[in-house]
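See below for the structure under consideration.
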Amino acid sequence: MTQTSSSRPLPLADVRVLDISTLFAGPLAATFLGDFGADVIKVEHPTKPDAARGHGPARDGINLWWKTLGRNKRTLTLNLGQAEGADILLQLVRDADVLVENFRPGTLERWGLGPEQLLAANPRLVIARVTAFGQIGPYAGRPGFGSLAEAMSGFAALTGEPDGPPTLPPFGLADGIAALATAYAIMVALRQAEATGAGQAIDMAIIEPILMLLGGQITAYDQLGRVQPRTGNRSVNNAPRNVYRTADGEWVAVSTSSQSIAERVMTLVGRPDVVDEPWFASGHSRAEHADELDAAVSAWIAERSTDDVVTSFEQANAAVARVLDVSGVMSDPQYEAIGTIRTVDDDDLGPVKMQNVLFRLSETPGEIRFTGRAHGADTAAVLEEVGVTPEQLAALRERGIV
């Protein structure tokens, strides 16, 4: 197991997490905790590993996304559907602080591993239950993934061109947002457990966090009966706001969320006259004149190279960014300066680049200690910690429990 070296204590070093979830939202939440020192034990079925191990590209048969999603996690195989496997999990729970699961509601209860049994084994345990639709309600028993949350939340209805279909993102957006929300919920519950000695269950529905981030639409519909339409890259809240093609065929994004930036942009592109128009005084009313504003900005940018556009916007103290693909991200000087991409030694692939931890703490920064491990690589070591001998482990393997 390749590890990075650090003499600094990590802030979650005394937190143990059992990650029995699969695919993305639950496992990614556990990854976020592991990045700041939590001892994360990834529990997978002996013959049916986390399907995330098969998602995305691979090199020489080695999945690449798993190297990031599985980082900072020890891996254990355990058949939770068998009584012996469930009993071993309860033994692990006694020394754990957090359990993350994403089975359909009722599954853990059927295995004798519901919150009642888990909290009986460890009253301080925080149980994060991540499902598509939540633990109750008419959809609770349905299978579901992040794509359904992107559809149900209103995100897809807002995304795409006005005359085109609703558009789903080509990556796990709702899962990622739910993972962040789950990690936050876990930290809140851990704080409560620290204060009171009492754990609790978290009911995280993937359909909810993405809805929260879609702005004030619920209140606008409640008060005004207003349904926000699809507007492509434009915004209903400000203008100009779009992506624009430069003379060398690249794209830049321009945003004018503040009034002063909007004034600077229009002055820069040769239309200072519109700044004095009554409708220019607010973002919402500017958005009603997006055609006129976009035409001016688009024409100005189309006559200049990307470098010239970016330099001119910077000199005018106006907001602009290049539209980057992953190759651009890898070479961007800002990402380099803040350390967004990290090179980590991997036992299978050698040096591997991946996203660094989410944020920088001045005194106790997070760390990628090792990359995603092989299926069940740490089974013997983890079970030894709860008293399983090599002979017992061999017998468990023979019966398909681990």
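The values are calculated or read from the model by the stated rules, or taken from the named source; none is laboratory data. Source: prediction; values computed, not measured. Methodologically, a virtual Cβ is constructed for each residue, glycine included, from the backbone with ideal geometry; neighbour enumeration extends over all protein chains shown. When the accessible area is computed, the model is the full protein with side chains, heavy atoms only, and any ligands, DNA or RNA have been set aside. Shrake-Rupley method; radii C 1.70, N 1.55, O 1.52, S 1.80 Å.
Filtering the stretch 49-57 for residues that are on the phi > 0 side of the Ramachandran plot, surrounded by fewer than 18 Cβ atoms within 10 Å (Cβ to Cβ) and in a loop (DSSP other than H, G, I, E, B) leaves a non-empty set.
Do we have any residue at all in the stretch 238-259 that's in a helix (DSSP H, G or I) and open to solvent by 20 Å² or more (accessible area, probe 1.4 Å)? Among the residues of the stretch 238-259, at least one is in a helix (DSSP H, G or I) and open to solvent by 20 Å² or more (accessible area, probe 1.4 Å), which makes the answer yes. With respect to ARG271, is the statement that it is among the charged types (D, E, K, R), at pLDDT 95 or above and surrounded by fewer than 16 Cβ atoms within 10 Å (Cβ to Cβ) true? No: the conditions fail for ARG271. Among the residues of the stretch 70-85, those identified as part of a helix (DSSP H, G or I) and open to solvent by 10 Å² or more (accessible area, probe 1.4 Å) are ALA83, GLU84.
Looking at the stretch 139-173, which of the residues that are in contact (Cβ under 8 Å) with a residue 40 or more places away in the chain and in a helix (DSSP H, G or I) is nearest to the chain's Cα centre (by Cα)? Result: GLY146.
Inclusion of ALA287 among residues that are open to solvent by 30 Å² or more (accessible area, probe 1.4 Å) and of a type in the set (Gly, Ala, Ser) is not warranted.
Kindly indicate whether any position in the stretch 60-69 is among the aromatic types (Phe, Trp, Tyr), assigned to a loop (DSSP other than H, G, I, E, B) and modelled with pLDDT of 95 or more. Within the stretch 60-69, none of the residues are among the aromatic types (Phe, Trp, Tyr), assigned to a loop (DSSP other than H, G, I, E, B) and modelled with pLDDT of 95 or more.
Evaluated against (1) open to solvent by 10 Å² or more (accessible area, probe 1.4 Å); (2) more than 15 Å from ILE186 (Cβ to Cβ); (3) in contact with a strand residue (DSSP E or B) (Cβ under 9 Å, 6 or more places away or on another chain), ASN63 falls short on exactly one condition, (3). For first residues located in the stretch 22-36 and more than 24 Å from THR364 (Cα to Cα), partners that are assigned to a helix (DSSP H, G or I) and open to solvent by 40 Å² or more (accessible area, probe 1.4 Å) and lie 6+ apart or on another chain with Cβ distances below 8 Å form the pairs THR22/ALA51; LEU23/ALA51.
Residues of the stretch 268-300 that are of a type in the set (Ser, Thr, Tyr) and in contact with a strand residue (DSSP E or B) (Cβ under 8 Å, 6 or more places away or on another chain): SER298 alone.
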